[in-house]
Amino acid sequence: MYNKSLGSKVFDGFNIAFMILVAVITLYPLWFVLVASLSSNSEVLKSGGLMFWVKDFNVNAYKAVLFNSAIWNGYKNTIIVVIAGTALNILLTAIGGYFMSRKGVMLKPFISIAIIFTMYFSGGTIPFYFTVRALHINDSLLSLILPVAINTYNMIIMQTAFLGIPDSLEEAAKIDGARHSRILFSIMLPICMPTIAVLILYYGVSHWNSWFNAMIFIRNRELFPLQLILREIVITNTIVEGSNDFGYESVGETIQYATMVVATLPVLLVYPFMQKYFVGGMMIGAVKG
């Protein structure tokens, strides 16, 4: 059995201590939000932003959040945007990645440069707003889906994944009479499912956390996504409706933390099921040959 030197043991001990410190720094904000959401408002205010356990257990903040119609309406709007938006994202990303991975495409270098250009330069917020308004989709959920229908970086990941598939598969399919649509949906996409799973996670989390576009384009409160509702609650330190039923003074500060827990819980529950695809999908999309 190999005996480590004193220097190696010290180095390993330092690494372990450092990683534990990083883990604590990373996890403590999540733990604090959970603990604060289950504590009384007065204890949270007295804590000064530092709590390690629940003090004066209280669930009034969760009652105020869960019985608030604006929260559930925001959930509904966000779920619609996540499902419809992610489906459109994956469809367009797959088509774009397949097109860019084909050999002999006319003007491909110019098209590639034009696509990559959009990663570094944009017209800015004002032209973006006027473009969406000119399409007459502002103040609708389409304004949260269509303007972000495809992400250039994700399309490059998909393109690289397609490039890693042997040409012999495509050639065999063409011999059998398959067209590009059949090759894409019946051969390419099933092989690249780990990469697609990663992109679903990327797009889904992006839609779930998005609030800026909604703040710009949405005026009808019935169409507010969950994150915009959360932003209002965090800023105003209160809840839109129903707070009087549980006493504003008893839940004023803890409403923020309870809403954060309710808003982030679905993503935390979904991520472990997607994690097994994450490393494999990124490796397929990053290595060719």
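The values are calculated or read from the model by the stated rules, or taken from the named source; none is laboratory data. Note that the coordinates shown come from a computational prediction; the quantities given were computed from them, not determined experimentally. Every residue, glycine as well, gets a Cβ built from its backbone with ideal geometry; the counts of neighbours run over all protein chains shown. When the accessible area is computed, the model is the full protein with side chains, heavy atoms only, and any ligands, DNA or RNA have been set aside. Shrake-Rupley method; radii C 1.70, N 1.55, O 1.52, S 1.80 Å.
Just a yes or no: is a residue in the stretch 112-121 of a type in the set (S, T, N, Q), surrounded by fewer than 18 Cβ atoms within 10 Å (Cβ to Cβ) and within 19 Å of PHE162 (Cβ to Cβ)? The answer is yes, given that some residue of the stretch 112-121 is of a type in the set (S, T, N, Q), surrounded by fewer than 18 Cβ atoms within 10 Å (Cβ to Cβ) and within 19 Å of PHE162 (Cβ to Cβ). For ILE71, the requirement of being out of contact with any Gly (no Cβ under 7 Å at 6 or more places or on another chain) and open to solvent by less than 60 Å² (accessible area, probe 1.4 Å) is met. There is no residue in the stretch 126-136 that is small (Gly, Ala, Ser) and either assigned to a loop (DSSP other than H, G, I, E, B) or open to solvent by less than 40 Å² (accessible area, probe 1.4 Å) (or both).
Residue pairs whose Cβ atoms lie under 9 Å apart, separated by 6 or more positions or on different chains, with the first residue in the stretch 176-189 and hydroxyl-bearing (Ser, Thr, Tyr) and the second in a helix (DSSP H, G or I), are SER186/ALA173. Within the stretch 13-51, being over 19 Å from MET260 (Cα atoms) and modelled with pLDDT of 85 or more holds for GLY13, PHE14, ASN15, ILE16, ALA17, PHE18, MET19, ILE20, LEU21, VAL22, ALA23, VAL24.
Could you count how many residues in the stretch 49-65 are open to solvent by 70 Å² or more (accessible area, probe 1.4 Å) and either closer than 23 Å to GLU232 by Cα or of a type in the set (Ser, Thr, Tyr) (or both)? Quick ask: steps written out before the conclusion?
To start, the set of residues in the stretch 49-65 that are open to solvent by 70 Å² or more (accessible area, probe 1.4 Å) comprises 50, 52-53, 56-57, 63.
Then keep just the ones that are either closer than 23 Å to GLU232 by Cα or of a type in the set (Ser, Thr, Tyr) (or both); that gives 63.
Matching residues across the stretch 49-65 total 1.
For the stretch 190-215, a residue qualifies if it is free of Cβ contacts under 8 Å to residues at least 40 places away in the same chain and of a type in the set (Phe, Trp, Tyr), and the qualifying residues are TRP211, PHE212. Please work out if GLY85 is modelled with pLDDT of 85 or more and within 21 Å of THR264 (Cα to Cα). When the stated conditions are applied, GLY85 passes them. At least 1 residues being surrounded by fewer than 20 Cβ atoms within 10 Å (Cβ to Cβ) and modelled with pLDDT of 75 or more is the threshold, and among the helices (runs of 4 or more DSSP H) wholly inside the stretch 189-278 those reaching it are 193-209, 212-217, 226-236.
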